Amino acid sequence: WSRRWIYGSYGTERIFRMETFFSASNKIKTNSCSIPAGFLDRIPREREFSSSEEYSSAVNKALEEESRKHSERIERDLDVVDFFKFSAEEFLYEYAALGKPLIIKNSTTKWPLPSKFWSIELLERFFGDSEYVVRKGDDYTSMQTRSETFTSYIASLRKSSFNVFESQDLDCTTQEIDASWYGANNWIPPGLIPYIDIPKYYPSWTSRMLDTKIWVGPEGTGAHLHSDMHDNFVVQLIGEKRFTLIAPHHRASLGATSFTSNLMSSPIDIHNIEASRYPEAALLKEKGKIFEYTLHPGDALYLPAGWFHSTRNLNSDVCCSINFWQAACYGSARVIVPNIGPPDWIVKPGSATKQDVETLLASIRNSQNS
């Protein structure tokens, strides 16, 4: 391989980066896809910096630099492709390498349990009385959180909206009927893992169980404007969710600051921008730099590291999505770690058999009829 080494300086922080000139035949083989050799096999380690904050700052600045460089190619309406007509190689070269978002239709068709079979009753079956975290608030600084069981959370939603669920004679309290609580960022129940499958566009080891989360909430709930420091796939399973997206290099215009080492938060309500307070953000809207797309069941959104996004559940019914953060992957900065260790899944994703699925669905139907 022909290589060049770049030592980029970003203020007091520095990030070490290698670029490889590659051809289609120059690849690192993995068990799920081929990584073009132009993608790095080394990520800057936190120990090379004096703190995790300096480390994340260096990575975020690198992402902003790449975003600005490719702005004319990435700041346009989202491309929509079909899962069956789209390869891992196309993804890596045309989207990951640019940090360009992408919608993939029919993304769950090959799952043991495709999106058309998902329901709240299904989730209740797997979550049961396990602990479930819910939250509400306009941003991370004012956010309230509480823990309850998934069963009690869904029961409170049933009590709060007779349009969502069939009417039930249940006593209500003021707290119980508050439907603004969002079941966000919870881990996948182990029993559900065999019925889902991980994205095939990055090596399988980059999809970690602890980085895979489920999001459940009624109409109007969602996440405020923020960015995450890893590439991400969001798969919609129940209902519809609207995403609002803004490229990483507009961070300053959004007034975004680091909330944690892996997350940047903006104080702006992107759907109701106060132009007097945030004139640069208002200008982004005028210039068409803010993009929206509504995910439907079976759709997947590739959300590159550093992209700012807010979400809103649209249906009157309860919505559900699962997201797969790709551990230590920053496609636009050419960073894909070759191997971060053995998978941490309790059971193998996608291992459910056809008989397993039929038995599960029959059991749910029987419980609904009893």
Average Cα contact separation per residue, region 211-350, under 8 Å, 6 or more apart, as relative contact order %: 47
From the cross-link list LYS213/LYS348; LYS136/LYS213; LYS200/LYS289; LYS100/LYS287, which pairs have alpha carbons spaced over 20 Å apart? LYS200/LYS289
Accessible area of ASP139, 1.4 Å probe, to the nearest 10 Å²? 40
Which FRET efficiency value, to the nearest 0.05, do you get for ASN185 and ILE364 by plugging their Cβ-Cβ distance into 1/(1 + (r/R0)^6) with R0 = 35 Å? 0.85
Over region 179-291, relative contact order from alpha-carbon pairs under 8 Å, at least 6 apart, %: 25
Can you compute the modelled spin-label distance between LYS105 and PHE117, with each label point 7 Å from Cα toward Cβ, in nm? 2.3
Which shape class, rounded, prolate or oblate, goes with region 214-370 when its Cα gyration tensor gives a ≥ b ≥ c as root eigenvalues, a/c under 1.5 marks rounded, and past that a/b bigger than b/c marks prolate? oblate
Would you work out the Kirkwood radius for region 108-153? I mean one over the mean of 1/r across all pairs of different Cα atoms, in Å. 12.6
In Å², what does the accessible area per residue of region 226-275 work out to with a 1.4 Å probe? 32
Mind ranking GLU280, GLU148 by accessible surface for me, highest first, 1.4 Å probe? GLU280, GLU148
What Kirkwood Rh does region 179-237 have if only Cα atoms enter the pairwise 1/r average? Answer in Å. 13.3
Cα centroid separation - region 77-123 against region 259-292, whole Å: 27
Residues whose modelled amide H sits under 5 Å from the amide H of CYS329, counting only those 5 or more places away in sequence or on another chain, are ASP231
Förster radius 22 Å - calculated FRET efficiency between ARG242 and VAL80 (Cβ-Cβ, nearest 0.05): 0.90
For LEU303, LEU78, what's the largest-to-smallest order of accessible area, 1.4 Å probe? LEU78, LEU303
Vicinal HN-Hα couplings computed from phi for region 217-225 (Karplus, 6.51 cos²θ - 1.76 cosθ + 1.60; Hz; Gly/Pro x): x, x, 4, x, 7, x, 10, 6, 5
Just how much of LYS213 is accessible, in Å², when a 1.4 Å probe is used and the result is rounded to the nearest 10? 20
Need the full-extension length gain, GLU274 to THR260, defined as separation in residues times 0.36 nm minus the C-alpha distance. One decimal, nm. 2.5 nm
Hey, how much of the P(r) for region 318-365 falls beyond 15 Å, as a percent of Cα pairs? 70
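The values are calculated or read from the model by the stated rules, or taken from the named source; none is laboratory data. The shown structure was predicted, so the numbers you read here are calculated from the model rather than taken from an experiment. With ideal geometry, Cβ positions are generated from the backbone for all residues, glycine too; neighbour counts draw on all protein chains shown. Each accessible area value is taken on the protein alone, full model and side chains, heavy atoms only, with ligands, DNA and RNA left out. Shrake-Rupley method; radii C 1.70, N 1.55, O 1.52, S 1.80 Å.
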